[in-house]
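Here is the structure we will look at, set down as structure tokens.
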Amino acid sequence: MPGHGLILAIESSCDETAAAIVQRGSQTLSSAVASQIATHARYGGVVPELASREHLRAIVPVVRAALEQAHVALSDLDAIAVTSGPGLAGALLVGITYAKALAYAQNLPLIAVNHLEGHIHAVLLNEREQQKALHGDEPQPDQQALALVVSGGHTHLYLARPTSGAWNYTLIGRTVDDAAGEAYDKVAKLLGLGYPGGPWIDALALHGNPRAVPFAFSQIKTKLHLGGKPPRTKAARTAPIANLDPRFLFSFSGIKTAVLRYVELHNLRPEAEARREALFTGPDAPAKPTLEDALATADPQTLDLIASFQYAVVGDLLRKTFAAQEALGATRILVTGGVAANRELRARFATEAARRNLHVAFPTISLSTDNAAMIAAAAWPRLLSGEFAPDSLSADPSLALGL
Ligand code: KG4
Ligand code: ZN
């Protein structure tokens, strides 16, 4: 049985180097994140080689910051947890190698965590913190939930069930091509906005008409055309798509192409280029462009296009998630991952859940995007059940959750 239940977690799967200390999976003592956005922004996306280099540079100070903020010494810890996949191989390896060395030097157990499981536990961690505030240390029973993990690399629906000791995940649906966050990032790029695109689109969508461009998502009618073929996605390896109910499959590559066609048809490309220059690449570009700067460069037609794109994406996520909820009879929905920071998504999911008298929960904004507190929270049941990583632990870029 662990002493104080203190886990130091390390997360380096993509473009954030993060370390956190969480006590008993229910109290965040610190959560430090070093973002690499500034490094990748000029390339319009994450450059894997640069990500590994930046992780190497950031990992020691980030771990030190997490320990200092928590007022915890290495000798107080009960375990080290680390993300072992899915993600960029070189980036994951930086965290794994460091976590292994630390665990070895401190004679602590090492716990491997799936990044997607981490995103789900971001919401569970928030819920436990809220329960703690209400009920004190009296542990509240975990309850099963339908979880939508929606980020730059993933759009996956899981049924998450607490079992004795650990959680168990069943994959219910997923994207067959791009992740929703990837569509946000690609659309933002083609409109001359910065990386990552989600926050720009989130903010600018408020100023456009969401019904101006009627983007449609066709239902993926048959799974036969996908049978046998690997999905065209960078996300985790999962169950064959042909085994999943087509009503719960997502596809976000079409809308990106539809936006591109709209831009070309309405000759919005010169506007996008001018915007990119005014905001990011030109000699008069501000050091750190703000929403006001972006608004000043945005024409009404582009604002309508942005609002309509977001309205369609959120609508599709909403329809399919609630269709799965209905089919499974789930009463709790968790929405997590970077795109779960989106304001329209939160508002529309909350309204629909209230209409159906269901519980819906999101992580706080800082726990929505990549962080290590969620990794420490997911590791806690493993520490209790003694499920530790072998010495041979390595990065698994397409690690699956819930086969
Ligand atoms: O979870 P995350 O930090 O990293 C991955 O595991 O992918 O998610 C990053 C993604 C990016 O695609 C970013 O554009 C998107 O989340 N994102 C948003 C918002 N904030 C971040 N998308 C929509 N609205 C937002 N407010
Ligand atoms: Zn993530």
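The values are calculated or read from the model by the stated rules, or taken from the named source; none is laboratory data. Predicted, not measured: the structure shown is a model, and the values here were computed from it. Here the Cβ is made from the backbone with ideal geometry for all residues, glycine too, and neighbour counts use every protein chain on show.
List of remarks:
- Set Gly315, Gly329, Gly337: member being closer than 28 Å to Asp142 by Cα and either touching a Cys at 6+ places or on another chain (Cβ under 9 Å) or surrounded by fewer than 19 Cβ atoms within 10 Å (Cβ to Cβ) (or both): Gly329
- Within the range 10-31, the set of residues being more than 15 Å from ligand 1 (Cβ to nearest atom) and part of a strand (DSSP E or B) comprises Ile10, Ala19, Ile21, Val22, Gln23, Gln27, Thr28, Leu29, Ser30.
- Some residue of the range 63-84 being in the same structural domain as Val22 (by TED's automatic domain parsing), modelled with pLDDT of 95 or more, in contact with a Lys or Arg (Cβ under 9 Å, 6 or more places away or on another chain) and not β-branched (Val, Ile, Thr): yes
- Condition met for His154 (within 20 Å of Ser398 (Cβ to Cβ), within 16 Å of ligand 2 (Cβ to nearest atom) and crowded, with 17+ Cβ neighbours inside 10 Å): yes
- Looking across the range 67-80, the residues that are farther than 30 Å from Ala400 by Cβ and in a loop (DSSP other than H, G, I, E, B) come down to His71, Val72, Ala73.
- Residue in the range 322-330 that is within 17 Å of His156 (Cβ to Cβ), within 16 Å of ligand 1 (Cβ to nearest atom) and not in a loop (DSSP other than H, G, I, E, B) present: no
- Single residue of Leu110, Leu92 found to be within 16 Å of ligand 2 (Cβ to nearest atom) and touching a residue at least 40 places away in the same chain (Cβ under 8 Å): Leu92
- Those residues of the range 259-293 which are buried (at least 19 other Cβ atoms within 10 Å of the Cβ) and within 16 Å of Phe217 (Cβ to Cβ), in sequence order: Val259
- Between Gly192, Gly173, the distinction of being away from ligand 1 (no atom under 16 Å from the Cβ) and surrounded by 22 or more Cβ atoms within 10 Å (Cβ to Cβ) belongs to Gly173 only.
- Any pair with Cβ under 6 angstrom, 6 or more apart, that starts in the range 152-170 at a residue that is of a type in the set (S, T, N, Q) and ends at one that is away from ligand 1 (no atom under 16 Å from the Cβ) and not in a strand (DSSP E or B): Thr170/Gly402
- Exactly one residue among Ala372, Ala340 is assigned by TED's automatic domain parsing to the domain that holds Leu110 and either within 16 Å of ligand 2 (Cβ to nearest atom) or β-branched (Val, Ile, Thr) (or both), and that residue is Ala372.
- Conditions (1) under 24 Å from the mean Cα position of the chain (by Cα); (2) not assigned by TED's automatic domain parsing to the domain that holds Val22; number of the one not met by Gly208: (1)
Every residue, every condition in (1) part of a strand (DSSP E or B); (2) within 21 Å of Pro397 (Cβ to Cβ); (3) touching a Phe, Trp or Tyr at 6+ places or on another chain (Cβ under 6 Å), yes or no:
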site: Ala65; (1), (2), (3): no, no, no
site: Val82; (1), (2), (3): yes, yes, no
site: Thr97; (1), (2), (3): no, yes, no
site: Lys100; (1), (2), (3): no, yes, no
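- Qualifying residue in the range 384-399 (condition: more than 17 Å from the chain's Cα centre (by Cα), under 29 Å from Ile241 (Cα atoms), within 16 Å of ligand 2 (Cβ to nearest atom) and of a type in the set (D, E, K, R)): yes
- Restricted to the range 107-170, the set of strands (runs of 3 or more DSSP E) holding at least 3 residues that are under 18 Å from the mean Cα position of the chain (by Cα) and within 16 Å of ligand 1 (Cβ to nearest atom) comprises 145-150, 155-162.
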